[in-house]
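Written out below as structure tokens is the structure these notes cover.
The values are calculated or read from the model by the stated rules, or taken from the named source; none is laboratory data. Note that the structure is predicted; figures quoted are calculated from it, not measured. Cβ sites come from the backbone with ideal geometry, for glycine too, and all protein chains shown count toward neighbours.
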Amino acid sequence: MSLEAVFLVELTNSVHLAIFKIIKSLVVSESGSSSAAVVLNDVPLGVFATNIKTALNVFGGVTYVVLKPADIWQYVIIYFKKLDSAVSALNYWLVLVNKNSIKILPLVN
């Protein structure tokens, strides 16, 4: 393996580690308690909690889903059993639910 390839691998690993630390810090609230939750913005009204729970159970056990309508969209908060499940969901950036591409964001308290 060339020196450039080794450097690129090390740089890629350090970037992934930095992104993981940023995401984990966003998931951990200011009070120090961790919130194993993520947010989905601009979810169409035709998408139901069961659809979202099914799509996000891939990352870990979803405890419950909160839907909040806002005009023609919904704001959705998904709570996971473990913090690692929320972090792995955030690493994917988006999820497909009923042919809709929905961005996954950290829950900021």
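Some notes on this structure:
- Close pairs (7 angstrom Cβ cut-off, 6 or more residues apart or separate chains): among the hydroxyl-bearing types (Ser, Thr, Tyr) in region 66-89, loosely packed, with under 14 Cβ neighbours inside 10 Å anywhere: TYR75/ASN41; TYR75/LYS68; TYR79/TYR64; SER85/GLY61
- Selection status of ASP42, in a strand (DSSP E or B) and either charged (D, E, K, R) or modelled with pLDDT under 85 (or both): yes
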